[in-house]
Amino acid sequence: MPKKEQVFAGRKVSEAGKKNAGAEKPVFRKRERSAAPAERTKKWKAGELTGRETFREKSRNKGRVSAAEMRLLTGSRLDLPVVVIAILTAVFEALGLLLAAAHTRETVGMDSLAMIWVIVPLGLVSSLLLPRIMHMDALIMALTNFLCGVGIVTLCTVSPLRGNRQILFYAVSLGVMVLMTLLVTRIQRYHLLTLFLMVAGLAILVLPLIFGKWNNGAKNWVSLPVLGSFQPSELVKISVLFALAYYFSAHRTFIQMLPALLFTIACLIVLMLQRDLGTALIYYLSTLVVFYIACGNIPLTLLGAGGGVGAAILGYRMFAHVKVRVAMWKNPWSDPTGGGYQIIQALLAISSGGLFGMGLGQGTPEKIPAYYNDFIFAVICEQFGQIFGVLLLLLYVIILARAVTLINRSRRSLTMLLGYGTVAMLGIQTFMITGGVIKLIPLTGVTMPFLSYGGSSMLSCMAMIGILHGITGKQQVETKESMPGKGGNYH
Amino acid sequence: MLLLMIALFCLIVAYFCYSVYFYGGRWVANPYNPRINNQKQYVKMGSVMDRSGLVLAWSDENGQRRYHKDARIRQAVSQVVGDSGGKVSTGADTFHAQYLLGFKSSIFERLGDAITGKRQEGDSLELTISAELSRYITEHFPDGKRGAVVVMNYRTSEILAMVSLPQFDPTNLSASLADSEAGALMNRCTQGLYPPGSTFKIVTMISAIDHLPDMDNFAFECTGYYPVGHYSVTESSAHGIQDLRSAFANSCNTTFAALSQQLGYKLIGDTARQLGFNENFMFNDVIVYNSSYPADDLSPEDLAWSSIGQGRVLATPLHLTLIAATIANKGIFREPRLLHRIITAGGQERMLPFAAPDRSAVSSETAARIEADMMEVIRRGTGTRAALNNYTVAGKTGTAEVSNDKSVAAHAWFVGYIREKEAPYAVCVLVENGGSGGRVAAPLARRALQKAIDLKLN
């Protein structure tokens, strides 16, 4: 197996890796020795063994294990909660869209009604069926589906046309997620994949500079004849994640890490030219996090952070709209009908919703500029209430925390860094936009993962969920390969 | 990583709760909130009553806002009640719209209305003010003058009257809107920032007692002027040798100018901050503009003028009432209350928002000493016209110059309270360009206090 067993570059990673290997190792070896193999095989054939034991016997005898049995092995017995979440999601979506249709009473509303037959099966299949036939984490999937459902239902009530399109985006994104899961699980030649993603990423990232138009002070959208209009900076996030994970894991010296750093810096420069500063910030912070995890080098990380602060100050000096953003963060009431309008309307919406919300379809969310994408959190707080808003944020934390525990089981630094990068990126983005909407930090125009309207955003977020699934899958496949019966080995 | 994530989440949730809890009500009531007008189409607005249950404003079946039929009462409470159009953003009709328009209704109440098909009805508010007292004060306010009067129960911290002149008639708003110079829509009690004049000597006095040594044997010879920097603080006549109490009772500017030079910006500023100057007032029930004491060390003469409440020191009448109430409460600073009861459409009482915890602004010994000094003001000082029969009044007058032009009359101030606990009323009177505080403001304060006693407001 070429490059199979990688030496961990970082202190943190290697420690975590060792701990995991150490924790799992005795479980199998010890039990293998404890009973006579021949006797156990007999028992297995007679059907007297528990699931975990069956699996072990099977793997000893045949060397082939199904995904369902693998789930038993890795201990993800989350069936009941997942089923509950999936059913709740389905009911929520069905009722929500029904209400939305009743609320709008127009043809678009009727379309939402028809869309129930698309979104509900999609959610159920992806939450309940997919994790059984392929390597996936059912909990992450179910919660992600719920978040998407909340976004779609909200959009269908406040902007039915967008809501219906969002359902299509959601369907396509689920497909992309499955592809990404398979890719991460199966692929061996990361080098080629990373190179391809980097080249393709840079290529599409510069497209808006050539074909794009200035829109809201940024030039980060592009319309292509076949593909339609999309935001390349969303998709390139995947390239960044792979580049960081690959170059930071396989190579230990700074020079060897350089390709990924150069790639990120190139991306940042292009994003700066497009004035897509919010996304640039996400790229930058994620890189910093992955860099620190990979090498554990505090001075260098601090240097990188210092560079970022310098760039931020430079950006503040250079771009007038950054100055406005910061001023409006400090005191939006200084210009309540101009620069501060958006944030004030968001705060008014959140506070008007009260603890339990004005009710679905109630209130006047459309007063907030960008209510359907960046500011959807304010709309959700207005309609569903502040408690619901906080609980939604908690769901993000649960998804990411679950992902972190799964990644910690991983024994390869590449998948580990890939996973941490993904978690960091999703977490940072969620924090940035939520913090911006509630005026905790200056507003940066990024979307709320899974909730905001937008195909590119949905696609990249689901692809990231696919990466997380794939890491689980890869780790399960590796566990299988390292089973005693299969002749694998631990390190 | 996990910890970092949870920390960020907690940060967001903590900030979210903080901002919604402390600012949420203000945001809902904001004139830029389109939801208020929107909600009016669906919800019948609740009524606003005074503390005796007298209905001051209500909505009829068509959703039209109605006001008390007696024009005198209607106008006397006009700024406190406000208008339904949101022109008076600090009025209860706008600032407490979250109750009146049912934003605070629970999900069950809303569901109940939805099932019975009844039009949702907002909560009714019983304010702590007394309409009768407000009307009386308006009637006895010097004719044609502008100004403000606040009466407060310092034991419960309830505002009993907030009268601001000129007043407007909510049934004929356009007339007041046309005359924007008069500022009738503004509540001068909470939004009017004025130089507090000699009433600020209470603050300087507290600072001196707390920070300077040997104040019992303090003596200063007032020669009628006290030179500081390039100017001098002057007095119309020389008071002669003054101890601290007589300087306070006679409101001797030169003595306090001299004290300020000993104290300096920082110490006076500390005391002022303790008493709420430069603080962002975030009271639940009323919007009060922030008072300011200049915290920068500009010049000795600026310091001298600041210490006698001139120059750049600014305060609202309500804030000065709170300072008087703080002295009356032995140094405890309390949040003022305007909501007496919140009554749901179903007739139940809703819980009032929590007030900020009381805090000790002045030590009780200092407060007792200042109280004795303030009683001296009424007994034989500048405030003799505020004296009541059967009750002991403590107070301080102020005559705040507002222009270098001597023909422009000064603002007349009086702040004080009744010492007896069975009539725990604090009062603040401001008459814009009224002249001498002792001659113009003090008699009005006495009338207001007497009326509050007569009405047995508790």
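Run A:Q362 past the list (1) surrounded by fewer than 24 Cβ atoms within 10 Å (Cβ to Cβ); (2) facing chain B (nearest Cβ under 9 Å); (3) within 28 Å of A:G278 (Cα to Cα) and report the number of the one that doesn't hold.
Just one mismatch for A:Q362, condition (3).
May I ask you to list the residues in segment B:254-264 that are in contact (Cβ under 8 Å) with a residue 40 or more places away in the chain and surrounded by fewer than 24 Cβ atoms within 10 Å (Cβ to Cβ)? First the steps, then the outcome.
In the first step, residues of segment B:254-264 are kept if they are in contact (Cβ under 8 Å) with a residue 40 or more places away in the chain; the result is B:256-257, B:259-263.
Scanning segment B:254-264 gives B:Q261, B:Q262, B:L263.
Which residues, counting only those in segment B:109-151, are over 29 Å from B:V393 (Cα atoms) and charged (D, E, K, R)? So that I can check it myself, show each step before the final result.
First, pick out the residues of segment B:109-151 that are over 29 Å from B:V393 (Cα atoms): B:109-126.
The answer is B:E109, B:R110, B:D113, B:K118, B:R119, B:E121, B:D123, B:E126.
Residues to consider are A:F242, A:F254, A:F319; find the one that is aromatic (F, W, Y) and under 26 Å from the mean Cα position of the chain (by Cα).
Numbers: A:F254 fails: under 26 Å from the mean Cα position of the chain (by Cα); A:F319 fails: under 26 Å from the mean Cα position of the chain (by Cα).
After ruling out the rest, the residue left standing is A:F242.
Between a first residue in segment A:429-444 that is more than 10 Å from chain B (Cβ to nearest Cβ) and a second residue that is basic (K, R), which pairs have beta carbons less than 7 Å apart while being 6 or more apart in sequence or on different chains?
Correct list of pairs: A:P442/A:R325; A:L443/A:R325.
Based on this model, can you work out whether B:L101 counts as under 24 Å from the mean Cα position of the chain (by Cα) and crowded, with 21+ Cβ neighbours inside 10 Å?
Working: under 24 Å from the mean Cα position of the chain (by Cα): no; crowded, with 21+ Cβ neighbours inside 10 Å: yes.
No, not satisfied.
Are any residues in segment A:337-355 of a type in the set (V, I, T) and facing chain B (nearest Cβ under 8 Å), and if so, which ones?
Going residue by residue through segment A:337-355, those that are of a type in the set (V, I, T) are A:337, A:343-344, A:350.
A:T337, A:I344, A:I350, listed by residue number.
Within segment A:244-264, is there a residue that is out of contact with any Ser or Thr (no Cβ under 9 Å at 6 or more places or on another chain) and aromatic (F, W, Y)?
Yes, segment A:244-264 has at least one match.
Being within 34 Å of the chain's Cα centre (by Cα) and more than 7 Å from chain A (Cβ to nearest Cβ) is the filter; apply it to segment B:1-22 and report the residue that is nearest to B:G82 (Cα to Cα).
Narrowing segment B:1-22 to residues within 34 Å of the chain's Cα centre (by Cα): B:13-22.
Filter again for more than 7 Å from chain A (Cβ to nearest Cβ), leaving B:14, B:17-18, B:21-22.
Numbers: B:A14: 34, B:C17: 29, B:Y18: 28, B:Y21: 24, B:F22: 22 Å.
Of everything passing the filter in segment B:1-22, B:F22 is nearest to B:G82 (Cα to Cα).
Right, A:T415: out of contact with any Pro (no Cβ under 6 Å at 6 or more places or on another chain), within 10 Å of chain B (Cβ to nearest Cβ) and of a type in the set (S, T, Y) or not?
Values: out of contact with any Pro (no Cβ under 6 Å at 6 or more places or on another chain): yes; within 10 Å of chain B (Cβ to nearest Cβ): no; of a type in the set (S, T, Y): yes.
So A:T415 does not fit the description; no.
In segment B:225-246, what residues are farther than 23 Å from B:G311 by Cα and acidic (D, E)?
B:D243
So which of B:I73, B:I6, B:I12 ends up being of a type outside the set (K, R) and within 30 Å of B:Q167 (Cβ to Cβ)?
Working: B:I6 fails: within 30 Å of B:Q167 (Cβ to Cβ); B:I12 fails: within 30 Å of B:Q167 (Cβ to Cβ).
Every option except B:I73 fails the conditions.
Of a type in the set (A, V, I, L, M, F, W, C), surrounded by 20 or more Cβ atoms within 10 Å (Cβ to Cβ) and modelled with pLDDT of 65 or more - does that describe any residue in segment A:99-110?
There is at least one residue in segment A:99-110 that is of a type in the set (A, V, I, L, M, F, W, C), surrounded by 20 or more Cβ atoms within 10 Å (Cβ to Cβ) and modelled with pLDDT of 65 or more.
Here are some residues: B:P353, B:P357. Which one is modelled with pLDDT under 90 and within 18 Å of B:Y154 (Cβ to Cβ)?
Working: B:P353 fails: within 18 Å of B:Y154 (Cβ to Cβ).
On inspection, the qualifying residue turns out to be B:P357.
Under 6 Å by Cβ, and 6 or more places apart or on different chains, what pairs join a residue from segment B:190-211 that is of a type in the set (D, E) with one that is in a helix (DSSP H, G or I)?
As it stands, the answer is B:D210/B:T366, since those pairs meet every condition given.
Regarding B:Y32, is this residue in contact with a Pro (Cβ under 8 Å, 6 or more places away or on another chain) and either more than 9 Å from every other protein chain (Cβ to nearest Cβ) or modelled with pLDDT under 90 (or both)? Before the answer, list the steps.
On the way: in contact with a Pro (Cβ under 8 Å, 6 or more places away or on another chain): yes; either more than 9 Å from every other protein chain (Cβ to nearest Cβ) or modelled with pLDDT under 90 (or both): yes.
Yes: the conditions hold for B:Y32.
Given the structure, is B:Q39 in a helix (DSSP H, G or I), touching a Ser or Thr at 6+ places or on another chain (Cβ under 9 Å) and away from every other protein chain (no Cβ under 14 Å)?
On the way: in a helix (DSSP H, G or I): yes; touching a Ser or Thr at 6+ places or on another chain (Cβ under 9 Å): yes; away from every other protein chain (no Cβ under 14 Å): no.
No.
Taking B:L100, is it within 9 Å of chain A (Cβ to nearest Cβ), of a type in the set (A, V, I, L, M) and closer than 21 Å to A:L347 by Cβ?
Details: within 9 Å of chain A (Cβ to nearest Cβ): no; of a type in the set (A, V, I, L, M): yes; closer than 21 Å to A:L347 by Cβ: yes.
Criteria not met by B:L100.
Do you know which residues across segment B:84-95 are within 14 Å of chain A (Cβ to nearest Cβ) and modelled with pLDDT of 75 or more?
B:S89, B:T94, B:F95 - these are the residues of segment B:84-95 that are within 14 Å of chain A (Cβ to nearest Cβ) and modelled with pLDDT of 75 or more.
When residues of segment A:273-288 are filtered for being surrounded by fewer than 21 Cβ atoms within 10 Å (Cβ to Cβ) and touching a residue at least 24 places away in the same chain (Cβ under 8 Å), how many remain? Let's see the steps before the verdict.
First pass over segment A:273-288, keeping only residues surrounded by fewer than 21 Cβ atoms within 10 Å (Cβ to Cβ): A:273, A:275, A:285, A:288.
The next check asks that each one be touching a residue at least 24 places away in the same chain (Cβ under 8 Å); those that pass are A:273, A:275, A:285.
Of the residues in segment A:273-288, 3 are surrounded by fewer than 21 Cβ atoms within 10 Å (Cβ to Cβ) and touching a residue at least 24 places away in the same chain (Cβ under 8 Å).
Checking the condition more than 30 Å from B:S105 (Cα to Cα), of a type in the set (S, T, Y), surrounded by fewer than 19 Cβ atoms within 10 Å (Cβ to Cβ) and more than 19 Å from the chain's Cα centre (by Cα), which residue from B:S251, B:S307, B:S292, B:S299 passes? Walk me through it before giving the result.
Numbers: B:S251 fails: surrounded by fewer than 19 Cβ atoms within 10 Å (Cβ to Cβ); B:S307 fails: surrounded by fewer than 19 Cβ atoms within 10 Å (Cβ to Cβ); B:S292 fails: more than 19 Å from the chain's Cα centre (by Cα).
One residue alone meets the criteria, B:S299.
Give me the pairs: first residue in segment B:93-118 and of a type in the set (S, T, N, Q), second residue surrounded by fewer than 24 Cβ atoms within 10 Å (Cβ to Cβ), beta-carbon distance under 6 Å, and six or more apart or on different chains, which are they?
Short answer, once both residue conditions are applied: B:T94/B:G86; B:Q98/B:G25; B:Q98/B:K104.
Picking from A:I407, A:I399, which residue would you name as being closer than 27 Å to A:H135 by Cβ, assigned to a helix (DSSP H, G or I), at the interface with another protein chain (Cβ under 10 Å from one of its Cβ atoms) and in contact (Cβ under 8 Å) with a residue 12 or more places away in the chain?
Working: A:I399 fails: at the interface with another protein chain (Cβ under 10 Å from one of its Cβ atoms).
Residue meeting the stated conditions: A:I407.
The values are calculated or read from the model by the stated rules, or taken from the named source; none is laboratory data. Because the structure is a prediction, the values reported are computed rather than measured. As a convention, Cβ positions derive from the backbone with ideal geometry for all residues, glycine included, and neighbour counts pool all protein chains shown.
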